[in-house]
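> Quick one: structure below, then a few questions.
The values are calculated or read from the model by the stated rules, or taken from the named source; none is laboratory data. If you're wondering where the values come from, they're calculated on a predicted model, not measured in any experiment. In this analysis, Cβ positions are derived from the backbone assuming ideal geometry, glycine residues included, and neighbour counts consider all displayed protein chains.
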Amino acid sequence: MSVLISFIIPYHNEPRWMLDECIRSIEALDLQPDEREILVEHDVRDEGPSVTRNRAIEKARGEYIQFVDCDDRLFPASYARIIAFVRQKRMDMLMFRFSATDCEKLGKNRLSRQWNGAEFLVHNNLRAGTCMYVFRRDVLGELRFCPNIFHEDTLFTPLLIMRARSLYVLREKAYFYRQHEGTTMSNRNPGFLDRRLHDAIAVLKTLRAEKEGAQGVAARALRRVIDQQVMSLLIMVWQAGMSIKGLRRYASILRKDGFMPLPLRYYNWKYYIFAVLTRVL
């Protein structure tokens, strides 16, 4: 029997009990031992998750890939539904949801209609976290994570979705995302915010270059991704407690690089109102 899913777990210096719990959650899945492959890739030289994940991708033998952060875990009963749909549909990608509460609750066992990846991004907000997708390994092609940047998922995930010819969405919360001090998302240090802004602009420029080389639905999809990421970046800065003066400084940098003002497009009401409000920054 061939490997159905390769589970890739980057590991740096997180508590060993978290890693053990993560692995046990995978071993409890509705898969035969030879249908699953667990790749714990050690970041032994402070290489960062991008390099670690890329190295594991080259080793993976599964038809599908699932990334799992070592301080998180899967919900076995919920993820069993993911596996069932993968077996049934053999889609390029399946998106599901996460829970920040360590309590598994089975949701509605219902798939969305089939999407083309670019079409999906035209009509839906991007969920950048790569752990929220199981995807066919051969969809990757030459695509890999960009090294040495914060939040590398914001570049990798939209480009991966654009490659998918068949994408389904399941509302099932099959992934436990552990929120705790020490994670990247909990870091409110001003120096970190400056570094994230620098990396975010590099990501935005790469996506803009991709958009300029695209046409039709693909170009529209990347336009929405770029606009959404600018909004998410400004919201992150605001939530970190940045003053209005500091927020305007970040906005001026984005404006200088051509990412502001945000275009007044009605992706949804939240984006439209935010785009209007940012005109005063």
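> In the stretch 211-225, how many residues are part of a helix (DSSP H, G or I) and over 19 Å from LEU262 (Cβ atoms)?
Result for the stretch 211-225: 3.
> Right, something else. Which count do you get for residues in the stretch 108-127 that are within 26 Å of ASP69 (Cα to Cα) and either touching a Cys at 6+ places or on another chain (Cβ under 9 Å) or surrounded by 20 or more Cβ atoms within 10 Å (Cβ to Cβ) (or both)?
Here the count works out to 3.
> Can you tell which of LEU29, LEU94, LEU39 is within 16 Å of the chain's Cα centre (by Cα) and either of a type in the set (Val, Ile, Thr) or over 15 Å from ARG178 (Cα atoms) (or both)?
On the way: LEU29 fails: within 16 Å of the chain's Cα centre (by Cα); LEU39 fails: within 16 Å of the chain's Cα centre (by Cα).
Of the residues listed, the single one that is within 16 Å of the chain's Cα centre (by Cα) and either of a type in the set (Val, Ile, Thr) or over 15 Å from ARG178 (Cα atoms) (or both) is LEU94.
> Which of the residues belonging to the stretch 226-246 are outside any helix (DSSP H, G or I) and either closer than 20 Å to HIS151 by Cβ or not assigned by TED's automatic domain parsing to the domain that holds ARG196 (or both)? First the steps, then the outcome.
Of the stretch 226-246, the ones outside any helix (DSSP H, G or I) are 240-243.
ALA240, GLY241, MET242, listed by residue number.
> Which condition breaks for GLY48 when tested against (1) touching a helix residue (DSSP H, G or I) at 6+ places or on another chain (Cβ under 8 Å); (2) in contact (Cβ under 8 Å) with a residue 60 or more places away in the chain; (3) more than 23 Å from LYS173 (Cβ to Cβ)?
(1)
> Here's a follow-up. Test of understanding: among PRO10, PRO33, PRO15, which residue is surrounded by 15 or more Cβ atoms within 10 Å (Cβ to Cβ) and not hydroxyl-bearing (Ser, Thr, Tyr)?
Result of the check over PRO10, PRO33, PRO15: PRO10.
> For residues that are more than 14 Å from the chain's Cα centre (by Cα), modelled with pLDDT of 95 or more and outside any strand (DSSP E or B), scanning just the stretch 161-178, find the one that is farthest from MET91 (Cα to Cα).
It comes out as ARG163.
> Residues being surrounded by 19 or more Cβ atoms within 10 Å (Cβ to Cβ) and either in contact with a Gly (Cβ under 8 Å, 6 or more places away or on another chain) or assigned to a strand (DSSP E or B) (or both): count how many of those fall in the stretch 128-151.
4
> Restrict the check to the stretch 45-59 and report whether at least one residue is surrounded by fewer than 15 Cβ atoms within 10 Å (Cβ to Cβ) and in contact with a His (Cβ under 9 Å, 6 or more places away or on another chain).
Within the stretch 45-59, one or more residues are surrounded by fewer than 15 Cβ atoms within 10 Å (Cβ to Cβ) and in contact with a His (Cβ under 9 Å, 6 or more places away or on another chain).
> Could you check, for the stretch 247-262, whether at least one of its residues is among the aliphatic types (A, V, I, L, M), assigned to a helix (DSSP H, G or I) and under 23 Å from the mean Cα position of the chain (by Cα)?
yes
For (1) within 24 Å of LEU4 (Cβ to Cβ); (2) free of Cβ contacts under 8 Å to residues at least 60 places away in the same chain; (3) not hydrophobic (A, V, I, L, M, F, W, C), each residue gets a yes or a no:
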| position | (1), (2), (3) |
| --- | --- |
| VAL122 | no, no, no |
| ARG127 | yes, yes, yes |
| GLU142 | yes, yes, yes |
| GLU152 | no, no, yes |
| ALA200 | no, yes, no |
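> Could we say that SER78 is in contact with a Gly (Cβ under 8 Å, 6 or more places away or on another chain), under 26 Å from GLY117 (Cβ atoms) and assigned to a helix (DSSP H, G or I) here?
When the stated conditions are applied, SER78 passes them.
> Answer with yes or no whether ILE83 is in the same structural domain as GLN114 (by TED's automatic domain parsing), more than 22 Å from SER112 (Cα to Cα) and β-branched (Val, Ile, Thr).
When the stated conditions are applied, ILE83 does not pass them.
> Quick one: which of LEU111, LEU106, LEU94 is in the same structural domain as SER25 (by TED's automatic domain parsing), closer than 26 Å to SER50 by Cβ and in contact (Cβ under 8 Å) with a residue 12 or more places away in the chain?
LEU94
> Could you tell me whether any residue of the stretch 197-204 is crowded, with 16+ Cβ neighbours inside 10 Å and either farther than 24 Å from TYR267 by Cα or of a type in the set (S, T, N, Q) (or both)?
yes
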